Amino acid sequence: MQNIYPDQLIPNDKSTIGNARDIKIGDQVILVLAGSQRPVTSTVEMIVDLFGSPTYTSRATAGRTRFRFRPQDVHHVEPSRNAVRMAAA
């Protein structure tokens, strides 16, 4: 499994995603890789607070790549219908 970290992602320079703290487990997020500037869709699996900032872990749709990212790295969020139920569990 390949791991991608925040320094390997292009931050979103626009505030187009609204409040990134609204990202929930199960949501689909679009991240952009720094080397290829190719957007990648992944599913959020875990959220932890590191040094006062949320850090997310997601897995690519193909399942072979795991991403660790911060709110400013997200270019788009597609909420999951199950996200609220999963986060409350």
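The values are calculated or read from the model by the stated rules, or taken from the named source; none is laboratory data. Nothing here was measured: the structure is a model prediction, and the numbers come from that model. Glycine gets a Cβ as well: all are built from the backbone with ideal geometry, and neighbour counts include every protein chain shown.
For Arg85, are the conditions met, namely being part of a helix (DSSP H, G or I), charged (D, E, K, R) and at pLDDT below 85? The answer is yes for Arg85.
Reported count of residues in the range 32-52, each being of a type outside the set (Asp, Glu), surrounded by 12 or more Cβ atoms within 10 Å (Cβ to Cβ) and part of a strand (DSSP E or B), is 10.
Just so you know, in the range 62-76 the residues that are within 8 Å of the chain's Cα centre (by Cα) and not acidic (Asp, Glu) include one that is farthest from Gln2 (Cα to Cα), and it is Pro71.
Within the range 47-71, count every residue that is touching a strand residue (DSSP E or B) at 6+ places or on another chain (Cβ under 7 Å), touching a residue at least 12 places away in the same chain (Cβ under 8 Å) and not charged (D, E, K, R).
12
Checked against (1) hydrophobic (A, V, I, L, M, F, W, C); (2) modelled with pLDDT under 95; (3) under 21 Å from Met1 (Cβ atoms), Val44 meets all criteria but (2).
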